[in-house]
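Visitor: Take this structure first; my questions come after.
The values are calculated or read from the model by the stated rules, or taken from the named source; none is laboratory data. Given the structure is predicted, the values throughout are model-derived calculations rather than measurements. Because the Cβ atoms are built from the backbone with ideal geometry, glycine has one as well, and the counts that use them run over all protein chains shown. Just so you know, the surface numbers come from the protein's heavy atoms only, side chains and all, with ligands and any DNA or RNA stripped out. Shrake-Rupley method; radii C 1.70, N 1.55, O 1.52, S 1.80 Å.
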Amino acid sequence: MSEEKYEMLLYLMIAGAVATAICLMVFILSFVGNLIKKSKRPPKVSLMLTIIGAFAVGIYCYNHFNNLDFLPKGELNPSAVVSPEGQYKIRTYHYTGLFYRTARAEVVNIESGKSKTIYFNDYDRSPAVQWIGNGVVKIGRETLDISKNEVFDFRDTSHENKTLPPQGRI
């Protein structure tokens, strides 16, 4: 996903969150008004809009914080590292804008052309990539086994290492 599309989606979801909050306020005010009037009819429209809005914002927040495939594309670093067997290629990306200090790496299966993000790290720009063995790669400080579908996402780690990992060419 490009940086512009990602920012547009972010602003759209913020607008959705604001609209959901407004619908929730209308629902609460209508509900309180019905209690005061002793009306038995609940405010159905504002309740449904609140539930739908909360569901949409919840899905966005889950993807934003847990899904590596939801990350924006970033700017490609010029160096790509091919595995010793020639089966895989690792490409690294850096960000400007919202993720100005993060880096992402993806593994590309050369035969099929399919790519998957396997590395996302904060305080990084162009992580050093070194193949250790058959399907095992070291990106920055992290060693990942591609055959076991291992991924690294700094958002999932409990410790925060604020030092720059080993860097490659940019």
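Visitor: Per residue, how big is the convex hull around the C-alpha atoms of the range 52-150? Give it to me in cubic angstrom, could you?
Guide: Numbers: hull volume 11.1 nm³, N = 99.
Normalising the Cα hull of the range 52-150 by residue number yields 112 Å³.
Visitor: Counting only protein heavy atoms and a 1.4 Å probe, tell me what percentage of the chain's accessible area is made up of carbon and sulfur.
Guide: Values: 6560 of 10580 Å².
Its accessible area is 62 percent carbon and sulfur atoms.
Visitor: What fraction of the DSSP beta bridges in the chain is antiparallel, stated in percent and rounded to the nearest 5?
Guide: On the way: 28 of 30 bridges.
Here the antiparallel bridges make up roughly 95 percent for the chain.
Visitor: Could you state how much accessible area residue 30 has, in square angstrom rounded to the nearest 10, with a 1.4 Å probe and all protein chains kept in place?
Guide: Rounded to the nearest 10, the figure is 40 Å².
Visitor: Say we join alpha carbon atoms closer than 10 Å with springs in a Gaussian network model of the chain; which of 138, 38, 73 then has the biggest fluctuation?
Guide: Maximum among the listed residues: 38.
Visitor: I would also like to ask the following. Can you tally the lysine pairs in the chain where the Cα-Cα distance is under 25 Å and the two residues are eight or more apart, or on different chains?
Guide: 19
Visitor: May I pose another question? First obtain the Kirkwood hydrodynamic radius of the chain from its Cα pairs, then insert it into the Stokes-Einstein equation at 10 °C and 1.306 mPa s, and state the resulting D in µm² per second as a whole number. If you can, show how the numbers build up before the last one.
Guide: Values: Rh = 18.7 Å.
It diffuses with D of about 85 µm²/s by this estimate.
Visitor: Tell me the accessible surface of residue 88 in square angstrom (1.4 angstrom probe, heavy atoms of protein chains only), to the nearest ten.
Guide: 50
Visitor: Moving on to the next point. Using +1 on the beta carbon of Lys and Arg, -1 on that of Asp and Glu, and nothing else charged, what's the dipole of the range 65-136 about the Cα centre, debye to 20?
Guide: Details: 8 positive and 7 negative charges, 23 e Å.
Using only the charged Cβ atoms, the result is roughly 100 debye.
Visitor: Related question: Could you give each residue of the range 120-132 its phi-based ³J(HN,Hα) in whole Hz, using Karplus coefficients 6.51, -1.76, 1.60 with θ = phi - 60°, and x for Gly or Pro?
Guide: Coupling constants for the range 120-132: 9, 9, 8, 6, 8, 9, 9, x, 5, 10, 9, 7, 9 Hz.
Visitor: Just want the answer: with Cβ charges of +1 for Lys and Arg and -1 for Asp and Glu, which residue in 15, 140, 157 is farthest toward the dipole's positive end in the chain?
Guide: Highest projection toward the positive end goes to 15.
Visitor: Enter the accessible area per residue of the range 21-170 (Å², integer; probe 1.4 Å; all protein chains in place).
Guide: Details: 9250 Å² over 150 residues.
Normalised by residue count, the accessible surface of the range 21-170 is 62 Å².
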